[in-house]
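Please read the structure below before turning to the comments.
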Amino acid sequence: ELHRRLDIPGDDEVARLASSLDRMLDRLEIAVEGYKQFTGDASHELRTPFTVMKGEISLALQKDRSATYYKEVLEGMEEEVDRLIRMVEQLLFLARADGDKIKNRLETVNLYETLVPLLEQMNVLAVAKHQQLKWNIPVNTDAYTDSDAIQQILWNLLDNAIKYTPDHGEIEVNIERRPGWARILVSDNGNGISEDHLKFIFDRFYRVDKGRSRELGGTGLGLAIAQKLAHLVGGSLKVSSEVGNGTIFSLELPLTPAAP
Ligand code: ADP
């Protein structure tokens, strides 16, 4: 609930100052609320798997079990620990990005050379799910951008497209070029995301199906990071989706240096 704190009538100058201070306070309040929410969510996301693992350890120690039993418990825990390490790394990245500690390295980048090796790598994962990953990237598209950031964004989008599209699905990567900018489209013909979920999809830790994301090793941070990175290179990341038909992520990128 935001309310007016300062209501000073009379002098125009003072009233203007008061209302601009008011807006600043509102923004600050929203930011503080956001951080409180984030810290709470992060603590919860980290505590839950630890509690589960603690339970499994106690159970395993209660009485003598077979070697197979211990091995299974350890294997399950290793997967969970890997996921937690990934989550902590992603959280560290977001903390650094929030503090403006991440600098982009902008240079002329050929998108074909940047993306095709990554697509070939991702294709191995798609083939394992009998999916078709197709791409159509003109060889001569140059962007003035950060190639590591672009690769990370595309990796996150493709990893999701492959994970959340059923076996035998299709995934495509296309580029639309316009004067001065380009749009990289990652589309899949999976189950799609309903409107109520779509508006939160870039929020940290937001997942349509928590259990399923977790089973697939997800952390709920991939899209938040992809969007941060898109902003870092002066671009934007948007989504559109239709339940039953699939999802399209669209990364808009400037191709030329921003005017000073
Ligand atoms: P996660 O680690 O859970 O994959 P993300 O931030 O990468 O986290 O994605 C958030 C959620 O968005 C996912 O849990 C999933 O529910 C949904 N999602 C992302 N990409 C797709 C997609 N291509 N098709 C359907 N759902 C998707």
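Can you give the charge dipole size of the range 39-101 about its Cα centre, rounded to the nearest 20 debye, using +1 on the beta carbon of Lys and Arg and -1 on the beta carbon of Asp and Glu?
Computed charge dipole of the range 39-101: roughly 200 debye.
Treating only the Cβ atoms of Lys and Arg (+1) and Asp and Glu (-1) as charged, compute the dipole magnitude of the chain about its Cα centre; round to the nearest 20 debye.
300
For the range 1-115, just say rounded, prolate or oblate: build the C-alpha gyration tensor, square-root its eigenvalues into a ≥ b ≥ c, call rounded for a/c under 1.5, and beyond that prolate if a/b exceeds b/c, oblate if not.
Judged from the Cα gyration tensor, the range 1-115 comes out oblate (a/c at least 1.5, b/c at or above a/b).
Would you work out the relative contact order for the range 119-260, in percent, from Cα pairs under 8 angstrom that are 6 or more residues apart?
Normalised by residue count, the contact order of the range 119-260 is 28 percent.
Counting only heavy atoms of protein chains, what accessible area per residue, in Å², does the chain have with a probe of 1.4 Å?
Counting only protein heavy atoms, the per-residue value for the chain is 61 Å².
With unit charges on the beta carbons (Lys and Arg positive, Asp and Glu negative) and the dipole taken about the Cα centre of the chain, which residue among S58, Q131, I171 sits farthest to the positive side?
Most positive-ward Cα: S58.
Got the relative contact order for the chain handy, in percent, Cα pairs under 8 Å and 6 or more residues apart?
Value for the chain: 17 percent.
Just to be sure I understand: if I project the alpha-carbon convex hull of the range 184-231 onto a plane and average over all orientations, what area do I get in nm²?
Value for the range 184-231: 3.9 nm².
Relative contact order for the range 48-183: what is it in percent, counting Cα pairs under 8 Å that are at least 6 residues apart?
23 percent.
Carbon and sulfur atoms: what percent of the 1.4 Å accessible area of the chain do they account for?
Percent of accessible area from carbon and sulfur atoms in the chain: 55.
Taking the alpha-carbon set of the range 170-249, what are its Rg and Dmax in Å?
Every Cα atom of the range 170-249 included, Rg and Dmax give 13.5, 43 Å.
Tally the DSSP beta bridges in the chain and give the antiparallel ones as a percent, rounded to 5.
For the chain, the DSSP antiparallel bridge percentage is about 85.
Using θ = phi - 60° and the Karplus relation 6.51 cos²θ - 1.76 cosθ + 1.60, list the HN-Hα couplings for the range 246-260 in order, rounded to whole Hz, with x at every Gly or Pro.
In residue order, the calculated couplings are x, 10, 10, 9, 10, 9, 9, 10, x, 9, 10, x, 5, 4, x Hz.
Is the range 76-159 rounded, prolate or oblate when judged by the Cα gyration tensor, a ≥ b ≥ c being the square roots of its eigenvalues, rounded requiring a/c under 1.5 and prolate requiring a/b larger than b/c?
Oblate shape, in that a/c is at least 1.5 and b/c is the bigger or equal ratio.
Which of rounded, prolate or oblate describes the range 103-221 when judged by the alpha-carbon gyration tensor and an a/c cut-off of 1.5?
Verdict is prolate for the range 103-221.
Can you tell me the convex hull volume per residue for the chain, based on C-alpha atoms, in Å³ to the nearest whole number?
185
The values are calculated or read from the model by the stated rules, or taken from the named source; none is laboratory data. The model shown is predicted, which means the values in this text are computed figures rather than measured ones. Reconstructed Cβ throughout: ideal geometry from the backbone, glycine too, with neighbour counts over all protein chains shown. The protein model used for the area step is the full one, side chains on, heavy atoms only, and it has no ligands, DNA or RNA in it. Shrake-Rupley method; radii C 1.70, N 1.55, O 1.52, S 1.80 Å.
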